[in-house]
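Worksheet: one structure, shown below.
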Amino acid sequence: MSITVPDRLRPERASPRLELQAGHSGAVRARMLGQDLVQGARLWRLALTLGWLDIKLRYRGSLLGPFWLTLSTGAMVGTLGVLYATLWQLPVTEYLPFLALSQVLWTFIASVISEGCTGFTSADSIIRSVRMPFFVHAQRLIVRNALVLGHNILVIVAVYAVLRVWPGWWVVFALPGLALWVVDGLAIGMLLGAVCARFRDIPPIVGSLMQIAFFVTPIIWTPKQLGPGRNWMLLGNPFFDVLEVVRAPLLGLAAGSHVWIAALVFSGALCAASWLFMSFARSRIAFWM
Amino acid sequence: MQGNARIDVAGLSVFFPLYHGNSRSLKKTVFAAAAGKLAQDRNRRVVVQALRDISFTLRAGDRLGLIGGNGAGKTTLLRTLAGIYEPVMGRIAVTGSVHALLDPQLGMNPDLSGRENILLRGLYNGLSRPEIARLEEDVRAFAELGDFMELPVRIYSAGMVVRLGFALATAIQPQILLMDEWFMAGDAEFRDKARARLEGMVRGAEILVLSTHMMDVIADWCDRVLWLDQGRIRDDGRPVEVLHRYLGHPLPEKPEPVGA
């Protein structure tokens, strides 16, 4: 048996250089994290494929695939929408689009946060076998949840079509908000991934906080129902502002500059926290697996 | 082979923190801090010193063998050279594309099909689309998977998993090859075929770092041996000398010609 491998793949690339130094200087740590982000971003095709395969795996063998999600979201929005519109004596044509939109967008936010907690720990076999930028795992999280969001958008489209309410070209104003969400999601993936790898009791804490956040944020109830002079109840709730920059344009409204400013401030704080914690934790994560 | 591959290791130490139930918990950590116990806890944190003060340099053409008992730090050193663990003290600098053959699964996802696992590996290595197609063909032919390519790795037989893992791991030629000893194992029929492929890859690599208990492989393939003992370098030199001291007697079967 003579086996020869005449043309083994030998990608012609410049020789990479890996330099690792035990150092505690902030500049070194920041530079290493910057490299992680840059090299991770270069592996976007890998992150895209990983996210796509996650969805494919989750629904492998099921008839409708990810559309099960669309159906269950649709059923929930339909029943709750009619029920609450009746309870609160709101016009269905006004309340149902609001609820559909809020529910679908909130599902994205909530699952980015809860899956962000396991972003690194669930990739432990990769982390322990090859050197891979941690940013790839954060991108994978966003890709996966964006795909789910894409399926759920059908619910919103269906509601708009049935009720014949179209926000029109105004929806393009949701794009800056969505861009902000991508940045926030990546920051969440890095921050929670690292924190939860170190402290294994964080995920349940995050889970219960998210439950509270769901009820104190206008998702099922509308901000208008607070009544005049009680908007202060939304102050300091980052979920409201971050949700609103995407939700308002999709309802044909303007998000308002105060909402945008608050959303940017919260996002900046999140990114800063994520950067600080990751620059400290990055070199240690492999030991935490 | 003339190349620019190079490995520098200076004063490298790696400690593993041993997290018992309490230190994994935020609640316990916060309460300990509140009670003023954190500093004490820090100092008493149990660490395993996997590598201690390791220094060596390898240039293109070097073939290094790592020997030592179980837990001597051989695999940890390979993982550190691969950039998976980062130094706790000291520094490493590795120039050249690195490939680490550490465990047969090597990050394979058992729920994905063989083809999907190959795709992911190709993307990780930054291969273009045609290169990934070639990778797939190469691996499929070598691993003799046939129609199993489309089925999840989970249902493969143990032999098939090893063949796939091996084929995948040896499909891309690196400048620096880090290899753990499981690559010498495998079922008998597969071994000859695997050995031929592996030897091709070892010859093609500019630097080889090999960890094994098989002394004849070290004597055959390596021109330098590090003997690790509890994370320290106990001996460093030409295989014939170090193996003699390690085994307590000269290599039995293949005595190396003196002055080779």
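The values are calculated or read from the model by the stated rules, or taken from the named source; none is laboratory data. Only a predicted model underlies this, so the values are computations on that prediction, with no experimental measurement involved. Note that we place each Cβ from the backbone using ideal geometry, even for glycine, and neighbour counts take in every protein chain shown.
Figures for the structure shown
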| quantity | calculated |
| --- | --- |
| Residue pairs meeting the criteria (Cβ under 7 Å; at least 6 apart or on separate chains; first under 30 Å from B:Leu247 (Cβ atoms), in region B:68-97; second in a helix (DSSP H, G or I) and small (Gly, Ala, Ser)) | B:Tyr85/A:Ala286 |
| Residues of region A:96-136 satisfying the condition of being of a type in the set (Ser, Thr, Tyr) and part of a helix (DSSP H, G or I) | A:Ser102, A:Thr107, A:Ser111, A:Ser114, A:Thr121, A:Ser122, A:Ser125, A:Ser129 |
| Tabulated pairs, region A:121-133, first facing chain B (nearest Cβ under 7 Å), second in a helix (DSSP H, G or I) and surrounded by fewer than 18 Cβ atoms within 10 Å (Cβ to Cβ), C-beta under 7 angstrom, 6+ apart or interchain | none |
| Scan of region A:167-193 for residues that are away from chain B (no Cβ under 13 Å), of a type in the set (A, V, I, L, M) and closer than 24 Å to A:Ala273 by Cβ, ordered by number | A:Leu178, A:Ala179, A:Leu180, A:Val182, A:Val183, A:Leu186, A:Ala187, A:Ile188, A:Met190, A:Leu191 |
| B:Phe142 vs. criteria assigned to a helix (DSSP H, G or I), in contact (Cβ under 8 Å) with a residue 60 or more places away in the chain and either of a type in the set (A, V, I, L, M, F, W, C) or in contact with a helix residue (DSSP H, G or I) (Cβ under 8 Å, 6 or more places away or on another chain) (or both) | no |
| Filter result for A:Val206 (modelled with pLDDT of 90 or more, closer than 30 Å to A:Met32 by Cα and within 14 Å of another protein chain (Cβ to nearest Cβ)) | yes |
| Positions within region A:1-49 being modelled with pLDDT of 85 or more, more than 19 Å from B:His99 (Cα to Cα) and facing another protein chain (nearest Cβ under 7 Å), in sequence order | A:Arg45, A:Thr49 |
| Members of region B:103-141 found to be over 18 Å from A:Ile127 (Cβ atoms), more than 8 Å from chain A (Cβ to nearest Cβ) and not charged (D, E, K, R), listed by number | B:Ser113, B:Gly114, B:Ile118, B:Gly122, B:Ser128, B:Pro130, B:Ile132, B:Ala133, B:Val139, B:Ala141 |
| Qualifying residue in region B:218-230 (condition: assigned to a helix (DSSP H, G or I) and either touching a residue at least 40 places away in the same chain (Cβ under 8 Å) or closer than 22 Å to B:Ser97 by Cβ (or both)) | yes |
| Residue within region B:172-181 that is assigned to a helix (DSSP H, G or I), surrounded by 16 or more Cβ atoms within 10 Å (Cβ to Cβ) and not small (Gly, Ala, Ser) present | yes |
| Within region A:76-90, considering residues that are β-branched (Val, Ile, Thr) and loosely packed, with under 12 Cβ neighbours inside 10 Å, the one farthest from the chain's Cα centre (by Cα) | A:Thr86 |
| Matching residues in region A:160-187 - criterion: being of a type in the set (Val, Ile, Thr), more than 17 Å from A:Leu149 (Cβ to Cβ) and touching a residue at least 24 places away in the same chain (Cβ under 8 Å) | A:Val165, A:Val172 |
| Of all residues in region A:56-75 being exposed (fewer than 13 other Cβ atoms within 10 Å of the Cβ) and in a helix (DSSP H, G or I), the one that is farthest from the other protein chains (Cβ to nearest Cβ) | A:Ala75 |
| Number of the exception - A:Ser102 against (1) crowded, with 20+ Cβ neighbours inside 10 Å; (2) under 30 Å from B:Leu123 (Cα atoms) | (2) |
| Selection from region B:234-251 of residues that are buried (at least 18 other Cβ atoms within 10 Å of the Cβ) and either touching a Cys at 6+ places or on another chain (Cβ under 7 Å) or in a strand (DSSP E or B) (or both) | B:Pro239 |
| Residue in region A:140-150 that is of a type in the set (Gly, Ala, Ser) and more than 21 Å from the chain's Cα centre (by Cα) present | no |
| Residue match in region A:222-236 (condition: in contact (Cβ under 8 Å) with a residue 40 or more places away in the chain and either aliphatic (A, V, I, L, M) or not in a helix (DSSP H, G or I) (or both)) | yes |
| Evaluation of A:Thr93 against (1) surrounded by fewer than 19 Cβ atoms within 10 Å (Cβ to Cβ); (2) free of Cβ contacts under 8 Å to residues at least 40 places away in the same chain; (3) assigned to a helix (DSSP H, G or I); (4) over 11 Å from the mean Cα position of the chain (by Cα) (one fails), failing number | (2) |
| Residues located in region A:155-177, provided they are crowded, with 17+ Cβ neighbours inside 10 Å and modelled with pLDDT of 90 or more | A:Val155, A:Ile156, A:Val159, A:Tyr160, A:Phe173, A:Ala174, A:Gly177 |
